[in-house]
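Structure, as structure tokens:
The values are calculated or read from the model by the stated rules, or taken from the named source; none is laboratory data. Bear in mind the structure is a predicted one, so any value in this text is a computation, not a measurement. Every residue, glycine among them, receives a Cβ derived from its backbone with ideal geometry; neighbour counts consider all protein chains shown.
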Amino acid sequence: MFHRRKEMEELSVALEKLINGEAVTFSQKTGDTLPSKVRGQLERLSGMIAYREQQMASEKEQIKSLISDIAHQLRTPLANAECYLELLAEICREDQKEYLRAIAESEQKIRFLTEAFIKMSRLESRIIQIKKESPFLYRTVLGSILQIQKTAEQKQLDVELDMEETIEVWHDPNWLGEALYNLLDNSVKYSPVGGKIRIRAKQDEMYTRILVRDYGTGILAEEENRIFQRFYRGQKADGQPGFGLGLYLAREIVQMHGGFLKATRKQPGLEVAVFLPGKN
């Protein structure tokens with residue numbers, strides 16, 4: 001009875017290891033008894049899982065590399081197209097400029113997508129290293145706001161910043177600035193003309209929080225976690241330009257800072273909070 005109980009406990013431990021993604025091996029697995037057969041089957045299952053995980057990791061790396069290569073190859077023809085479009089704009093007739101603007105707009109969309117793919121590939125493959133070189137969070141937040149200022153003015157948006165300039169947290173100003181720009185750009189995109197965007201920053205012993213709140217179209221209840229997925233676009237995003245990469249890239253950048261993002265539905269609009277660890 002004691003021996004059988006010990007065998008069952010050994011099998012239970014092995015199953016727990018499989019659940020946790022650990023390899024399973026047994027020092028004794030020979031014999032014709034049922035527990036011996038189960039031990040052998042668990043070892044084979046562990047090997048199959050490890051092999052498939054290696055295959056999936058290899059395929060994922062190949063896909064990342066392919067995306068990065070394609071994106072880099074697109075840069076040169078896009079640069080050439082942009083030059084030719086500028087030349088055509090100078091010599092074409094007035095009635096032809098509308099078509100030229102449509103082509104230029106399409107070229108800009110392809111360029112944006114190309115650059116987003118390159119950033120995505122570098123972040124996922126950890127080619128890019130986050131360098132926490134600056135504690136001055138106010139400068140980074142203000143720099144991101146200035147990047148969306150022109151489009152915000154075009155929509156007559158009131159952009160309000162509420163944070164103390166003394167708040168400090170070590171971060172990479174370029175990459176965190178990129179993440180905040182993506183959040184703000186998203187808020188501008190889905191805000192109504194004459195609307196408002198509010199940016200706040202708070203700090204306590206555990207986290208430094210940056211909150212970006214808009215009063216736009218918002219999201220559905222089940223989308224609060226899904227909007228950070230790659231290529232996901234909310235059901236209320238119909239008719240708005242975009243590829244579903246901005247919030248995904250923001251999440252990746254914040255995670256590389258050791259933090260996380262949280263989206264909260266508001267009435268109306270949406271609030272996205274950036275949580276960065278610690279004060280310094």
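What pairs can you find where one residue is in region 135-156 and in contact (Cβ under 8 Å) with a residue 24 or more places away in the chain, the other is of a type in the set (Val, Ile, Thr) and assigned to a helix (DSSP H, G or I), and their Cβ atoms are less than 8 Å apart, with a gap of 6+ or different chains?
Ile148/Val188; Thr151/Val188; Ala152/Val188; Lys155/Val188
Every residue, every condition in (1) loosely packed, with under 13 Cβ neighbours inside 10 Å; (2) modelled with pLDDT of 80 or more, yes or no:
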residue	(1), (2)
Lys64	no, no
Thr76	yes, no
Tyr84	yes, no
Asp95	yes, no
Ala104	no, yes
Ser125	no, no
Glu133	yes, yes
Glu153	yes, yes
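Just wondering, is there one or more residues in region 172-184 that are in contact with a Gly (Cβ under 8 Å, 6 or more places away or on another chain), closer than 30 Å to Ile118 by Cα and among the charged types (D, E, K, R)?
Scanning region 172-184, I find no residue that is in contact with a Gly (Cβ under 8 Å, 6 or more places away or on another chain), closer than 30 Å to Ile118 by Cα and among the charged types (D, E, K, R), so the answer is no.
Those residues that are small (Gly, Ala, Ser), within 13 Å of Phe275 (Cβ to Cβ) and surrounded by fewer than 21 Cβ atoms within 10 Å (Cβ to Cβ), I need them from region 174-226; list them, please.
Residue satisfying the conditions is Ala201 alone.
I'd like to check something: does region 9-20 contain any residue that is assigned to a helix (DSSP H, G or I), modelled with pLDDT under 75, of a type outside the set (Val, Ile, Thr) and assigned by TED's automatic domain parsing to the domain that holds Lys119?
There is no residue in region 9-20 that is assigned to a helix (DSSP H, G or I), modelled with pLDDT under 75, of a type outside the set (Val, Ile, Thr) and assigned by TED's automatic domain parsing to the domain that holds Lys119.
Report yes if Ser144 is outside any loop (DSSP other than H, G, I, E, B), touching a Ser or Thr at 6+ places or on another chain (Cβ under 6 Å) and closer than 29 Å to Leu78 by Cβ, otherwise no.
So Ser144 fails the test.
Considering region 148-178 alone, what residues qualify as being assigned to a helix (DSSP H, G or I), of a type in the set (A, V, I, L, M, F, W, C) and touching a strand residue (DSSP E or B) at 6+ places or on another chain (Cβ under 7 Å)?
Residue satisfying the conditions is Ala152 alone.
Out of all the residues in region 114-136, is one or more farther than 27 Å from Gly278 by Cβ and touching a Pro at 6+ places or on another chain (Cβ under 8 Å)?
No, region 114-136 contains no residue that is farther than 27 Å from Gly278 by Cβ and touching a Pro at 6+ places or on another chain (Cβ under 8 Å).
This table checks each residue for (1) at pLDDT below 90; (2) in contact with a Lys or Arg (Cβ under 7 Å, 6 or more places away or on another chain); (3) more than 25 Å from Ile118 (Cα to Cα); (4) of a type outside the set (Asp, Glu).
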site: Val193; (1), (2), (3), (4): no, yes, yes, yes
site: Ile219; (1), (2), (3), (4): yes, yes, yes, yes
site: Glu223; (1), (2), (3), (4): yes, no, yes, no
site: Asp238; (1), (2), (3), (4): yes, no, yes, no
site: Arg251; (1), (2), (3), (4): no, no, no, yes
site: Thr264; (1), (2), (3), (4): no, no, yes, yes
